[in-house]
Structure formats: structure tokens, C-alpha cells
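All remarks here apply to the structure that follows.
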Amino acid sequence: MKHNTRIRFSAALMMLVVMPGLLYAVGVLFMGWKLAFILPVLLIVVELYGTLYGWRHLVVKKCTCKSLLLPKSFEGYKILQISDLHVGTFLESPSFVEKLVEKINSLSPDLIVFTGDLVNIKATEVVPFVKILKNLKAKDGVYSVLGNHDYCEYGIPADKNFNDFTKKRWAIRNQHALMFLQRQMGWNLLMNENVKITRQNEYNKEESIFVIGVENISKPPFQDYGNMTKAMEGMRIGTFKILLTHDPSHWRRGVLGQTDIALTLSGHTHAGQIKLGRFSPAKWMYHEWGGKYVEEGSMLHVSLGVGGTMPFRLGAWPEINEITLVRH
């Protein structure tokens with residue numbers, strides 16, 4: 001709770017005081033104080049909208065993934081992707097998480113996947129939401145991977161008595177607790193491993209697709225924990241594969257042109273939690289930052305996510321992603 005209060009206070013101070021003040025100071029230099037005064041007022045109105053409404057404005061976005069590798073019995077298979085819940089931010093707004101679960105279930109998915117960042121800083125944030133998130137239902141279950149926040153290395157207490165060993169133990173305890181809580185919710189957490197999902201075709205023969213879940217693979221300053229070799233053990237070339245990997249930069253660095261993975265699902269960017277038309281500040285940091293990308297027969301989908309450590313969204317509304325598989 002203290003973490004959430006600090007985040008909210010710092011964000012409010014930055015958005016409602018510091019940024020409007022800077023905008024006014026710059027505006028005065030070029031247009032006089034009367035016109036310059038209008039700019040920070042408009043900025044404050046926009047910021048209040050994003051803070052009071054935008055981060056709760058849940059939307060559903062749909063797209064298709066076309067691949068000749070897809071078995072015929074999986075034609076029209078519906079995957080619902082959610083990402084970056086940062087559930088600790090909703091400790092004071094649990095009704096939003098209930099709304100999220102109800103909306104997902106109403107879409108009758110074949111498969112639900114979560115692509116990382118369940119918490120902000122520690123595992124206990126999930127405890128009030130276990131019963132709610134346990135209600136997520138899909139024909140083939142719920143599969144998840146860890147994001148950079150889920151390693152709980154950002155919430156290590158700033159205690160002078162904490163040496164490096166003690167800090168590492170604190171983070172590992174939280175990681176294990178988070179893994180346990182995901183199992184309690186009925187989620188299948190994939191830690192550098194893969195699972196097979198099967199269907200019977202018209203000739204009563206088994207056909208399958210694979211879901212691969214890799215631990216976080218990122219660029220600095222984020223840590224690398226993933227092992228793609230281990231995650232893809234036992235997999236044959238030419239089968240339809242879905243990769244869950246938190247950071248979309250992994251697609252270009254370790255998937256595209258190096259594997260035959262047909263569909264990669266990521267999150268992480270939040271689109272900077274600001275998206276105006278086709279612009280987002282996230283594009284300054286990530287080549288692929290939101291939505292669908294197709295190259296060399298491989299598709300990447302980057303979810304803008306649901307939550308964030310800062311309760312603010314403008315344009316980059318919290319989203320559920322519905323991805324339909326099509327044989328093409």
C-alpha cells in the first residue's frame with residue numbers, strides 16, 4: 001500500500017505541477033503569458049482524464065494470425081492475451097479486475113495466455129485477487145510467463161542491514177511465492193518449457209499445436225533469465241508454435257529468422273501508457289511496441305497491457321487481445 005501511495009503522489013506531482021509548470025515557462029518565452037497559460041490548463045485536463053478514467057477504460061482488440069503450419073482442426077482457434085496486469089496498482093480498485101475476468105470469460109476463449117508482469121514489486125500484491133483471477137476459464141486453460149517485475153527485484157527493502165545475499169533471498173522468496181500463487185489460481189506457469197495442445201481432426205486423428213513459455217529475455221537494464229534451447233526441447237520443425245515471451249525485443253533478437261515459431265506474444269512496453277493516433281513514446285525505445293507485426297512468415301503481437309505501476313493511461317487503453325488462428 002505504501003508503494004502505491006508513493007507512486008500515486010509522485011505521479012500526481014509530476015503531471016499536475018512539474019509538467020504544466022515547465023510548459024508554461026517555455027510558452028511564456030514564445031507567446032506571452034496569456035496564451036502560455038492556456039497550454040498547462042489543457043495539459044492538466046488531459047492528465048486528469050487519463051488518471052481518473054483512462055486507466056480503467058478496458059477495450060478488446062482483435063486480430064488474426066495466418067499460417068500454413070496451423071493444423072486444420074485448429075482453424076478459428078481463439079486465444080485471449082492479457083499482459084502487464086501490475087495487480088498491486090488495483091488494490092484500491094478490485095472491481096476493475098473483476099470486470100476484466102468477466103469480460104474475458106464472456107468471449108469464450110479456447111486459450112488464455114498471460115505474458116508477464118503480474119505484480120509491481122512483491123508477491124503479496126496477488127493475495128487479494130487469487131479468488132478473482134482463479135475464475136478465468138478457457139477450454140485449454142490459462143498459461144503464463146514471468147515478466148521483469150515478477151522477479152521481485154525492484155521491491156527489495158532499502159535496509160542497511162540487507163547485504164547482497166539477503167537481498168537475493170528476499171527476491172527469491174517472493175518469486176517462489178508468486179509461482180505458488182499462480183498455481184493456486186489454476187494458471188500454468190511455463191518456465192523455459194513447452195506444452196502440447198491437441199485436437200481430433202475429421203478423420204479422428206490427433207493434431208497438435210505447441211505453447212512455449214520462456215523466462216524473461218530482455219535488453220539491459222533488465223535481467224536475462226530465459227533459455228530458448230531448454231524451452232524448445234523435444235520440438236519438431238514444421239509444427240505450429242506459439243511463444244510467450246515478455247519483452248518484444250526478444251522476437252527480433254532471438255526468434256525471427258532463427259526459429260520456425262509462427263506466433264510470438266509479448267507485452268512489456270505499455271506503449272508508454274500514452275498513444276495518440278499512431279504515435280507513442282514507446283517507439284523511441286522499442287522497434288515493435290504495440291499491435292501486430294509480420295515478417296518472414298512469423299507474427300509478433302505486442303499487447304499494450306492492462307495495468308501499470310502508475311495509474312494513468314491516455315489512448316493506450318488497458319486491453320484484452322483476441323487473436324484468432326487461421327490456416328492460410
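See the values below:
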| quantity | calculated |
| --- | --- |
| Cα-based helix-to-principal-axis angle, 94-106 vs the chain, degrees rounded to 10 | 30 degrees |
| Radius 13 Å from Cβ of L111, net charge of other residues (Lys, Arg +1; Asp, Glu -1) | +2 |
| Share of pairwise Cα separations in region 70-128, more than 13 Å, in percent | 67 percent |
| Å³ per residue enclosed by the Cα convex hull of region 268-328 | 95 Å³ |
| Peptides ranked, highest mean first, by Cβ atoms within 10 Å: ranges 164-174, 214-224, 74-84 | 74-84, 214-224, 164-174 |
| Diffusion constant of region 130-182 at 4 °C, which comes from Stokes-Einstein with the Kirkwood Cα-pair radius and 1.567 mPa s, µm²/s | 99 µm²/s |
| Simple spin-label estimate for K168 and E206 in nanometres, 7 Å along Cα-Cβ | 4.2 nm |
| Shape category assigned to region 114-263 from the gyration tensor of Cα positions, a/c cut at 1.5 | oblate |
| Sequence-distant residues sharing a close amide H with N188 (under 5 Å, placed H) | V142, Y143, S144 |
| Gain in span if fully extended, I44 to S106, counting 0.36 nm per residue against the direct Cα distance | 18.7 nm |
| When each of K78/K283; K137/K205; K62/K137; K139/K205 is checked by Cα-Cα distance, pairs over 21 Å | K78/K283; K137/K205 |
| The chain - convex hull of the alpha-carbon atoms, volume per residue in Å³ | 150 Å³ |
| Peptides ranked, highest mean first, by Cβ atoms within 10 Å: ranges 280-293, 102-115 | 102-115, 280-293 |
| Long-range amide H partners of E215 with built H, under 5 Å | N192, N227 |
| Anchor K122: lysines whose Cα lies under 21 Å away (excluding residues fewer than 8 positions away in-chain) | K2, K131, K134, K160, K167, K168 |
| Sequence-distant residues sharing a close amide H with L243 (under 5 Å, placed H) | I212, L263, T264, L265 |
| Heavy-atom accessible area per residue - region 54-153, 1.4 Å, Å² | 36 Å² |
| In order through region 315-328: 3J(HN,Hα) via Karplus (6.51 cos²θ - 1.76 cosθ + 1.60), integer Hz, x for Gly, Pro | x, 7, 4, x, 9, 9, 10, 9, 10, 9, 8, 10, 7, 8 |
| Debye intensity ratio I(q)/I(0), log10, region 223-328, q values 0.10 Å⁻¹ (C-alpha model) | -0.31 |
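The values are calculated or read from the model by the stated rules, or taken from the named source; none is laboratory data. Only a predicted model underlies this, so the values are computations on that prediction, with no experimental measurement involved. A quick note on method: Cβ atoms are made from the backbone with ideal geometry, for glycine too, and the neighbour counts reach across all protein chains shown. Just the protein is used for accessible areas: all its heavy atoms, side chains included, with ligands, DNA and RNA removed. Shrake-Rupley method; radii C 1.70, N 1.55, O 1.52, S 1.80 Å.
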